[in-house]
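The values are calculated or read from the model by the stated rules, or taken from the named source; none is laboratory data. Since the structure is predicted, the reported quantities are computational estimates derived from the model, not experimental observations. Glycine also receives a Cβ, built like all others from the backbone with ideal geometry; neighbour counts cover every protein chain displayed. Please note that ligands, DNA and RNA were not included when accessible areas were found on the heavy atoms of the full protein model with its side chains. Shrake-Rupley method; radii C 1.70, N 1.55, O 1.52, S 1.80 Å.
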Amino acid sequence: MKKFPNAFVIIISVILFAWVLTYVIPQGSYQRLIDEQTGHTKVIGNSYQKIDVDHLSPFDLLLAIPNGIKDRADIIVLILLLGGCFFIIEKTGALYEGLNKLVDLLKGKESIALLVVSLMFTAAGASIGLQEEVIAMMPVLLIFGKSLGYNTITVVFMSYGSTVIGSAFSPSNPFGVIIAQQEAGIPLLSGGLFRLFVLLAAFIIWVVYIMRYSKKNRVPKTNMSNLRNTMGIRSKIILTLLCTTFAIVMYGILELNWGFNEMSGSFFALGISSGLIGKLGINKTGEAYVLGFKEMIFAAMIIGLANSISLILKEGMIIDTIVFSLFGPLQNVSATVSGVLMMISHLILHFPIPSYSGQAILTMPILVPLSDLIGLSRQTCVLAYQYGAIMGDMIVPTNGAL
């Protein structure tokens, strides 16, 4: 069987396909107005009309790629600095020492250990969209799970699976919720209370499922005597700084109207501080940051390239035509049913586009105007994306972390 194309090949193919569509799909546009109270641009219903403008040239196609990446510079910088920051923290050994200390404290308390670890990874998914970073922790997690009598699947469930639960139902996932809300033109972190309640319900259901599975699939316990069960003062300081940075970032977003640049600066400071505290030295801290960039550059480029797709559809003047075509079948369906259909569509679309942040950038410009036209709130439009696309990471085989 031929090797399945990677995400980069898929996204480039979609860019070419989007450009071809600008020659196939009729060009058209809705009339828009700016709401003076909110400053949001709204689509005027029943105002769609076909237009005739020049098609995009092959050179316009090439320009869309760097322009798409440039337009998402703030998000790309956040991803790179966040990746570098966590790579440095990983190199200091603080994460491993913290996990090993947890193993020692929870020895003989298997159910509590499963609950605590699942909660930790759910919180990490909810706060920073943690996923790929789980790969680096997996060797220690597997030893940890076997010391408690849990098989490999249980370990994957309580780590990676929990990050997906946290990311999908998060009120503040910067790569999911915040990006989608920014694209939808609604206040960042709005609807947080509702998302918290849904996250709590999803977490309870998830943990009950894992516990039932783990009891039916126990394995003989192994000894973890080869791992350190003490945590040095430097690791304690680094982990404390990590928690403090998260608290500062959340406060900044909620109270100080922070955006991606402020978040990037905070995590950059955390990474440098952690490297120096962890005795990596100036040179090794810089080298670790560069290696962290390399780990995240693929995800960053996918986001930029996904934005290129949206840019081509906009400049080719066919986005409104797509919206108009979608609105026709949905105008006789209730807003509730439309929301569910959007969620299912996001799940299906997540197979060829495994980057959920890239998917938000690609789909929100199309689905937000559609939501305005059918009477579906923009918040519900974001929820449909969040619950459909991000939860898809639990099963989508093209997801790198899975």
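Against the criterion of being at pLDDT 85 or above, under 19 Å from Ile312 (Cβ atoms), more than 32 Å from the chain's Cα centre (by Cα) and among the acidic types (Asp, Glu), Asp71 does not qualify. Filtered by the rule that a residue be farther than 19 Å from Leu362 by Cβ, out of contact with any His (no Cβ under 9 Å at 6 or more places or on another chain) and loosely packed, with under 13 Cβ neighbours inside 10 Å, segment 18-30 gives a lone residue, Pro26. Could you go through segment 311-318 and let me know if any residue there is in contact with a Pro (Cβ under 9 Å, 6 or more places away or on another chain), among the β-branched types (Val, Ile, Thr), open to solvent by less than 30 Å² (accessible area, probe 1.4 Å) and closer than 18 Å to Leu82 by Cβ. No, because not a single residue in segment 311-318 is in contact with a Pro (Cβ under 9 Å, 6 or more places away or on another chain), among the β-branched types (Val, Ile, Thr), open to solvent by less than 30 Å² (accessible area, probe 1.4 Å) and closer than 18 Å to Leu82 by Cβ. Here Leu341 passes the criteria (1) touching a residue at least 12 places away in the same chain (Cβ under 8 Å); (2) in a helix (DSSP H, G or I); (3) more than 20 Å from Leu21 (Cβ to Cβ) except the one numbered (1).
Evaluating Val116 against the criteria (1) open to solvent by less than 20 Å² (accessible area, probe 1.4 Å); (2) at pLDDT 85 or above leaves one unmet condition, (1). When segment 247-265 is filtered for residues that are within 16 Å of Leu188 (Cβ to Cβ) and touching a Leu at 6+ places or on another chain (Cβ under 9 Å), the ones remaining, listed by number, are Met250, Ile253, Leu254, Asn257, Trp258, Gly259, Phe260, Asn261, Glu262, Met263, Ser264. Of the residues contained in segment 209-222, none is found to be among the polar types (S, T, N, Q), open to solvent by 80 Å² or more (accessible area, probe 1.4 Å), under 26 Å from Leu95 (Cβ atoms) and at pLDDT below 90. Restricting to segment 166-187, count the residues that are modelled with pLDDT of 90 or more, open to solvent by 10 Å² or more (accessible area, probe 1.4 Å) and among the hydrophobic types (A, V, I, L, M, F, W, C). Of the residues in segment 166-187, 1 are modelled with pLDDT of 90 or more, open to solvent by 10 Å² or more (accessible area, probe 1.4 Å) and among the hydrophobic types (A, V, I, L, M, F, W, C). Do you know which residues across segment 186-211 are touching a Phe, Trp or Tyr at 6+ places or on another chain (Cβ under 7 Å) and either under 19 Å from Tyr160 (Cβ atoms) or not basic (Lys, Arg) (or both)? Of everything in segment 186-211, those that are touching a Phe, Trp or Tyr at 6+ places or on another chain (Cβ under 7 Å) and either under 19 Å from Tyr160 (Cβ atoms) or not basic (Lys, Arg) (or both) turn out to be Val198, Leu199, Ala202, Ile210. Candidates Leu341, Leu376, Leu383, Leu347: the one that is modelled with pLDDT of 85 or more and in contact with a Lys or Arg (Cβ under 9 Å, 6 or more places away or on another chain) is Leu383. A single entry from Gly161, Gly98 fulfils the requirement of being open to solvent by less than 10 Å² (accessible area, probe 1.4 Å) and either more than 15 Å from Ser357 (Cβ to Cβ) or of a type in the set (Phe, Trp, Tyr) (or both): Gly161. Screening Asn283 with (1) more than 15 Å from the chain's Cα centre (by Cα); (2) under 30 Å from Val249 (Cβ atoms); (3) at pLDDT below 90 gives one miss only, at (3).
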